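What follows is a set of notes on a single structure, which appears directly below.
The values are calculated or read from the model by the stated rules, or taken from the named source; none is laboratory data. Note that the coordinates shown come from a computational prediction; the quantities given were computed from them, not determined experimentally. Glycine also receives a Cβ, built like all others from the backbone with ideal geometry; neighbour counts cover every protein chain displayed.
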Amino acid sequence: MSDQQFDLIDDYKSKVQYLKDHFTRLWTRFNYFLTLQSALFGAAILSPDKYRWWIPIFGAFLCVLWYIFGAQDRYLVELYRKQIERSVIQIKSRFNLSDYYFIGQTEDIPSQSEKIESLGVKNHIYQWRKENISTTKLAALFPLAILAMWIIIFLSLSYWIGNAPSSAHADLK
């Protein structure tokens, strides 16, 4: 094996490791934000009425930050996967490999003859994948769903405060 061939394999390994490490960072951040959102939701239910209005505002602010991190993470996942895909194409060409898939490959590569369906992984009620709602896309989409929830809660609280009897307004001051 020449030095150039060895470098391709090392390059592939390092790219796979970097993607793996990025997944760890992505889900650590996701869990951090999910924990904060859970605590805020509990606070929204349990807090006294006069403090309840600020919780959806803070929750929405955190959702925007969460979305920014999730969208950036999703972009990097896609970038790293494309880099791995290109490395595999070079390795396959260099070693005359056929019927070779790269780690984490979930979709067909247009220039390659191998098709994911030939691996025989079937969709069932307990296992399936839809590209438009993949788990790494959910890292950016889920915060938007939670943001919608906070907006609804804020609007509901605003309506309740605006339509509460005047004796209730005295309690809110």
Exercise for the section: For the stretch 97-151, enumerate the residues that are farther than 21 Å from Lys82 by Cβ, surrounded by 12 or more Cβ atoms within 10 Å (Cβ to Cβ) and not hydrophobic (A, V, I, L, M, F, W, C). Expected result: Pro143
Problem - Residues being touching a residue at least 12 places away in the same chain (Cβ under 8 Å), of a type in the set (A, V, I, L, M) and over 23 Å from Ser134 (Cα atoms) - total across the stretch 81-121 - result: 2
Completion exercise
Restricting attention to the stretch 14-27, the residues that are of a type in the set (A, V, I, L, M) and either within 11 Å of the chain's Cα centre (by Cα) or on the phi > 0 side of the Ramachandran plot (or both) number exactly 1
Exercise for the section: Find the residue count for the stretch 47-75, including only residues that are crowded, with 19+ Cβ neighbours inside 10 Å and modelled with pLDDT under 95. Expected result: 3
Practice task
Would you be able to say whether some residue in the stretch 88-104 is within 17 Å of the chain's Cα centre (by Cα) and under 30 Å from Asp10 (Cα atoms)?
Solution key: yes
Problem - Boolean, Val64 is in contact (Cβ under 8 Å) with a residue 24 or more places away in the chain, within 30 Å of Leu157 (Cβ to Cβ), in a helix (DSSP H, G or I) and among the aliphatic types (A, V, I, L, M) - result: yes
Completion exercise
The lone condition Ala71 fails out of (1) among the small types (Gly, Ala, Ser); (2) within 30 Å of Asp10 (Cβ to Cβ); (3) touching a helix residue (DSSP H, G or I) at 6+ places or on another chain (Cβ under 7 Å) is (2)
Completion exercise
Residue pairs qualifying under the 8 Å Cβ cut-off, at least six apart or on distinct chains, with the first in the stretch 122-147 being under 18 Å from Leu65 (Cβ atoms) and the second being outside any helix (DSSP H, G or I) and of a type in the set (Phe, Trp, Tyr), are none
Problem - Residue that is under 18 Å from the mean Cα position of the chain (by Cα) and of a type in the set (Phe, Trp, Tyr), where the choices are Phe30, Phe41, Phe58 - result: Phe30
Exercise for the section: Starting from residues that are among the basic types (Lys, Arg) and outside any helix (DSSP H, G or I), keep the ones in the stretch 110-147 and report whichever is farthest from Tyr75 (Cα to Cα). Expected result: Lys122
